[in-house]
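Values quoted throughout were computed directly from the atomic coordinates according to the rules given, and no laboratory measurement underlies them. For clarity, every value in this text was computed on a predicted model and none was experimentally measured. Don't worry about glycine lacking a Cβ; one is built from the backbone with ideal geometry, like all the others, and counts go over all protein chains shown.
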Amino acid sequence: MEPSEYTEGRTFVEVISEKYSPENFPYRRGPGMGVVVVPTAGSQGSPMKDRLNLPSVLVLNGCGISRAGDQTEIAAFCSHVMELDLSHNKLQDWHEISKIISNIPNLEFLNLSSNPLAGTTLEPQCAEAFSRVRRLVLNNTRVSWDSVLLLTREIPELEELFLCLNEYSSVSASSVACPTLRLLHITDNSLHDWTEVRKFGSLFPSLDTLVMANNNLASIQDSKDILQRLFPNLRSINLHNSGLNRWEDIEKLNFFPKLEEVRLQGIPLLQTYTNAERRSLMIAQLPSVSLLNGSVVTDSEREDAERFFIRYYLDYPEEELPCRYHCLVTKYGKLEPLAEIDLRPRCHAQVEVHCEEKVEQLSIRLDQTVAELKKQLTTVVQLSTNSMRLYYIDKCSAFGPEEMKYNTRALHSYSIQDGDEILVVPKAK
């Protein structure tokens, strides 16, 4: 590419002519992957029709496109195109973008991410060109919120909208709702205040999925009645890396009547808990959520989490108990703390050593071997290691003494307990 092309950019027509020429894109690659544009009879039509094979999904990211080019050429070749990726180009004029879009009548998906659209004005006649688009990606374009509202008004069947990395700190409301939008992906902005998020409810009444990660949202401020009215269809919400630091905010997620999926990691509220505690406390607080941070919540996991929740708050004063605690106590009763069972292997045991008429209390290490125990006993029973036989007597067993005949066997393998006996019998001379 020449230096002048970096400055002025290239046309959409130039790029598709180059990228999808027979030399670079000669064949249709299986069903559904593309459409071959064949020459038409007669002299009418574009001369490029003899040499372009265009798929129905055009990926033209990072091609230096800044202008549309000949609109008749676009119309001739793109009538079948359904998806168009124009991300990372140099498009900064809505008029040029509309020239491209208006000549692709079947376009359903459009990606304009990382084009420099900051400060540009979108006129209504340009916005009309987007009317057939169903999924629109405007990430990292710095597109104004006024332009977003205009697009939502002009696109009657918009279903998915991506507005990440656009530096929004506030949004304005609109008197005209977009009733078809189901997915709003607006991560990595600066929407700290719930009063801004609230506007999404009235603007997108059919919203199913709200992805708001990395916005540092401080709290959820509305009441149950307001949340039910504003977000009646919200099924999934992502608040990763928000600023939520109160359990009351988590409890308010229960007020969304259809919410079943929550993603909520990296928030200040959960920093002091272990991973297991975080998940259990969240599951117990959100009885209708069946998918937490991407993992299915099973019935058994929910019961374990709810029982853990009750025990977690057992010692809290009454005024600090969350509402959910009382609901779960009604369900399970006031549970007793779990018994603390130490499953670590015992290190020592206090045993009675019997040798003829002599009885001694002795603390022995259980990680030592029979041979090492014999060495320990030499000073107690006044016998050499080669002059004694050892027998273990389990005080709780109905069986008789067990001879400790293998010098390399570890004492813990006998399951010796406090109060058991070691019988030392001198070998016959």
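Here are a few things to note about the model shown:
- For the range 348-426, share of DSSP beta bridges that run antiparallel, in % to the nearest 5: 80 percent
- Where GluC sites (Glu not before Pro) fall in DSSP loop in the range 145-181, at most 13 other Cβ within 10 Å: E157, E167
- Computed about its Cα centre, the charge dipole of the chain is approximately 880 debye, with only Lys, Arg, Asp and Glu carrying charge at their Cβ.
- Each of the chymotrypsin sites (Phe, Trp or Tyr not before Pro) that DSSP puts in a loop and that has at most 13 other Cβ atoms within 10 Å breaks the chain; the longest unbroken stretch is 28-398.
- Anisotropy class assigned to the range 348-426 is rounded, per the alpha carbon gyration tensor with a/c under the 1.5 cut-off.
- Taking each of K405/K427; K99/K199; K224/K334; K374/K395 in turn, the alpha-carbon distance tops 23 angstrom for K99/K199; K224/K334.
- Of the GluC sites (Glu not before Pro) found in the range 220-270, not one falls in a DSSP loop while having at most 11 other beta-carbon atoms within 10 Å.
- Cα-based helix-to-principal-axis angle, 370-381 vs the chain, degrees rounded to 10: 40 degrees
- Projected area averaged over orientations for the chain, convex hull of C-alpha atoms, nm²: 37.5 nm²
- Whole-angstrom gap from the range 93-141 to the range 178-208, using each part's C-alpha centre: 20 Å
- By DSSP, the beta bridges lying fully in the chain are antiparallel in about 40 percent of cases.
- Positive-pole candidate from L183, V133, L321, dipole of the range 51-332, charges at beta carbon: V133
- Estimated dipole of the range 275-386 in Debye, rounded to 20 [Cβ of Lys and Arg +1, of Asp and Glu -1, Cα centre]: 320 debye
- Relative to the longest principal axis of the Cα atoms of the chain, the long axis of helix 323-332 makes an angle of roughly 50 degrees.
- Acute angle (nearest 10 degrees) that the helix 194-203 long axis makes with the longest principal axis of the chain, alpha-carbon atoms: 50 degrees
- Net charge, S190 excluded, C-beta distance under 11 Å - Lys, Arg +1, Asp, Glu -1: -4
- Whole-Å distance, taken between Cα centres, linking the range 259-327 and the range 357-379: 51 Å
- A simple charge model with +1 on the Cβ of Lys and Arg, -1 on the Cβ of Asp and Glu and nothing else charged puts the dipole of the range 321-429 at about 360 debye relative to its Cα centre.
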